[in-house]
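To start, the structure itself, in structure tokens.
The values are calculated or read from the model by the stated rules, or taken from the named source; none is laboratory data. Keep in mind it's a predicted model, so treat the numbers as computed, not measured. Counting neighbours? That spans all protein chains shown, and the Cβs are built from the backbone with ideal geometry, glycine included.
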Amino acid sequence: MPKTKKTTTEINLSDPQYYFNRELGWLEFNNRVLHEACDPRTPLLERLKFLAIFSSNLDEFFMVRVAALKEQVAAKVSKLSPDGHTPQEQLEAISQRLRPLVAQQHQHFEQAIRPILAREGIHILDYIDLNQEQRTYLQRYFDEQIFPVLTPLAVDPSHPFPHISNISLNLAVVVKNPETEEEFFARVKVPKVLPRFLPLPEELRIQHKGHPATWTGVPLEQAIAHNLESLFPGMNIQEYHLFRVTRDTDLEVEEDEADDLLLAIEQELRKRRVGGSTVRLEIQSQTPETVRGRLLRELDLNESDVYEINGLLGLGDLMSFLALPRPELKDPVWKSVVPPRLQKINEPSINQGLQEAEEGKDFFAVIREGDLLVHHPYHSFSNTVLRFITYAAHDPDVLAIKMTLYRTSGDSPIMSALIAAAENGKQVAVLMELKARFDEENNIYWARRLESVGVHVVYGLAGLKTHSKIVMVVRREADRIRRYVHIGTGNYNPKTARLYTDLGLFSCRESLGADLTDLFNYLTGYSRQRSYRQLLIAPVNMRDRMIALIRREIENCQNGFSSRIVAKMNSLVDPQIIATLYEASRAGVQIDLIIRGICCLRPGVKEVSENIRVISIVGRFLEHSPHFYFHNQGEEEIYIGSADWMPRNLDQRVEAITPVAEPNIAKDLQEILGIMLADNRAAWDLQPDGRYIQRRSPMDCPQTSSQEILMEMARQSGWYGVSESLVSSQELDLVHKKGFQNGIRCRCVIVQHSNTEFCN
């Protein structure tokens, strides 16, 4: 019997009090990254990695987000953000929240991490702590390797203040002429072409447990600072102070006015190398007011743009220590597995084509048996996605390959496969997104390489970034043409595929092939396609379809049926989607959101979002795989694709999301969501006041890391989603019942040697 409809009071769901600020939400994500660096459960060198990621993230945040806010302030933009704040108010809130985080990062590195590193035989020394033998070695190294690279730049009436390049480390040096007693200011740039941390040879390392330490050395800038006399002979070095500058780096390309988009972006990249306006100055805390004031004047900055640092500047360079040969101080090496269905297929033969053999099948035969889901990095990218494209490049029956590329690696084997396909006479069309931030130069290089071998390269649509992750292979089979597709959540980049969690669906369903054909025609030609058979395409139908799916759950709940939404994505920002989720919560729909980064939705607010729970998972791998579950009265629907619920994804990018039709794959995806909702090691619960609280396992319940569980499942079966090879059907039912459909708060799912245990 249907439930009685719940009476609710009228509430303005656009009220700013129901929205978190986007920029502060991003800072909270970076705070969770910093927590991994401070967590003693994280292996030591991985803690350095997270410190480096925290710094690199901040660099990009200032180069893009803070720079944009400062531009709005300069242009006197008064428009309020959804949470009700002006650009100036947001800048002030960023500064207030960020300064203690930066202080925490540097304090933790200096007071906690460096002593632990030393105990493990990794000594990052200060130059003043070196013995004479070590100093003699570094003096010689400076003269031979460093001095020739340096260029001191004087600042006086005949030498204007030099341009300080973006995210460069510099020495502000004050020297005195001993004859005239006149003081001068100079700048010395710490060159990026040299290692940031200079190692001492084995015989000069500190002894550790009776043997030479793993690593002993000093920061490059200190070796320069203690040899400044060589750069300013005859002058007295009065003082030196380190500083670091961050600039606006966003590209400004008027696409409608650019006759050649590639050339226009190349010109903008040349400007980026110089950098736009300065947005941040990092200085050592003991820098005197005279030097500080001069830098502020010359860089056209205010005191609010200055970040004082106690210790080393530019901790992003700590990432280099992850290369040290100390596996016990790192996460265990993860070797991605090959899905069972792909383990016995033939390798492509360049000379003879792809012939099926008794012991195996070709890649296309596997897909014809049914859709195939892959989940990186648990599944090997090289043996799935790259293998698919390589097969297509060398199969004589393949007629065409069409693909979108947003980011790829500098030595991309995918590009090699596409070049081989063109050289083999296939029609190859690639949409190369030239506006992929910070990858523009790499994409321009590959665009030119592809064009040189006859690949049809398209640079996207004016006003839109093409962010979709799609491949279509057109193949002649017997008396028909068949289309094989891959639709994914992640970039076609073998390097990031080892670090990011991403999903991909292989299929030869006719409806998907037809939809991708229409989409590629939209991207490369003059098509105005407005309807698709199955795909959700932004900016065409994705927003409306997602809202309709949420409203369907609202209607089901109001009619007395079970209703549930689970959505996983990188960020949730879009006000219209958030307001619709609030409506669903008010109607009684149970909603769980797994949002790695920014979440502007405020959960747990009485009469607004009481039925919405939000978690963030920050772990070994970067969670990067949007997928969406809707209960639909038991006729469950699940989708995967490239888009988050953000205005830029829904309105300003070309995105593709596909429904999952195969029931077993849908169950696997539900399983992944259930395991993540059960995480009590890397999961953080978002509170109504905006704080994130990290989950801790109860005393009677083991620690549960969703990423470790998925690795273990992949190791045992080559697949995951709890399968019959791992657990009984009764246990499988229990996973679905407790682990997903009812929503997990503090339950654990542990896979150990074919057992699944639950802690309620």
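For the reader, a short list of remarks on this structure follows.
- Flag: Leu593 matches the condition of being free of Cβ contacts under 8 Å to residues at least 60 places away in the same chain, out of contact with any Pro (no Cβ under 7 Å at 6 or more places or on another chain), closer than 21 Å to Asp544 by Cβ and not assigned by TED's automatic domain parsing to the domain that holds Ser507.
- Sole exception among (1) over 30 Å from Cys557 (Cα atoms); (2) in contact with a strand residue (DSSP E or B) (Cβ under 7 Å, 6 or more places away or on another chain); (3) without any contact (Cβ under 8 Å) to a residue 60 or more places away in the chain for Val654, by number: (3)
- Ile554 passes every criterion in (1) surrounded by 20 or more Cβ atoms within 10 Å (Cβ to Cβ); (2) touching a Pro at 6+ places or on another chain (Cβ under 6 Å) apart from (2).
- Residues that are buried (at least 23 other Cβ atoms within 10 Å of the Cβ) and either at pLDDT 95 or above or under 12 Å from Gly504 (Cβ atoms) (or both) were ranked within the range 399-420; the one that is farthest from the chain's Cα centre (by Cα) is Ile401.
- Filtering the range 475-496 to residues that are of a type outside the set (A, V, I, L, M, F, W, C) and modelled with pLDDT under 95 leaves Glu477, Asp479, Arg480, Gly490, Asn491, Tyr492, Asn493, Pro494, Lys495, Thr496.
- Residue in the range 468-480 that is surrounded by fewer than 19 Cβ atoms within 10 Å (Cβ to Cβ) and of a type in the set (Gly, Ala, Ser) present: yes
- Counting the residues of the range 627-679 that are under 22 Å from the mean Cα position of the chain (by Cα) and either crowded, with 20+ Cβ neighbours inside 10 Å or of a type in the set (Val, Ile, Thr) (or both) gives 25.
- From the options Val566, Val608, residue that is surrounded by 18 or more Cβ atoms within 10 Å (Cβ to Cβ), modelled with pLDDT of 95 or more and assigned to a strand (DSSP E or B): Val566
- Of the strands (runs of 3 or more DSSP E) lying entirely inside the range 141-232, not one carries at least 3 residues that are in contact with a helix residue (DSSP H, G or I) (Cβ under 6 Å, 6 or more places away or on another chain) and free of Cβ contacts under 8 Å to residues at least 12 places away in the same chain.
- Of all residues in the range 511-547 being in a helix (DSSP H, G or I) and assigned by TED's automatic domain parsing to the domain that holds Tyr629, the one that is surrounded by the fewest Cβ atoms within 10 Å (Cβ to Cβ): Asp544
- Near pairs, Cβ below 6 angstrom, 6+ apart or cross-chain, from the range 35-49 (assigned to a loop (DSSP other than H, G, I, E, B)) to any residue that is hydrophobic (A, V, I, L, M, F, W, C): Pro43/Leu329
- Top-ranked residue in the range 570-602 [being assigned to a loop (DSSP other than H, G, I, E, B) and among the basic types (Lys, Arg); ranked as farthest from Ile615 (Cα to Cα)]: Arg602
- Here is the figure for the range 297-317: residues that are of a type outside the set (Gly, Ala, Ser) and within 25 Å of Leu220 (Cα to Cα) total 10.
- With a requirement of 1 or more residues that are of a type in the set (A, V, I, L, M) and over 19 Å from Gly597 (Cβ atoms), the helices (runs of 4 or more DSSP H) lying completely within the range 637-718 that satisfy it span 663-677, 706-717.
- The range 266-322: number of residues that are modelled with pLDDT of 90 or more and on the phi > 0 side of the Ramachandran plot: 3
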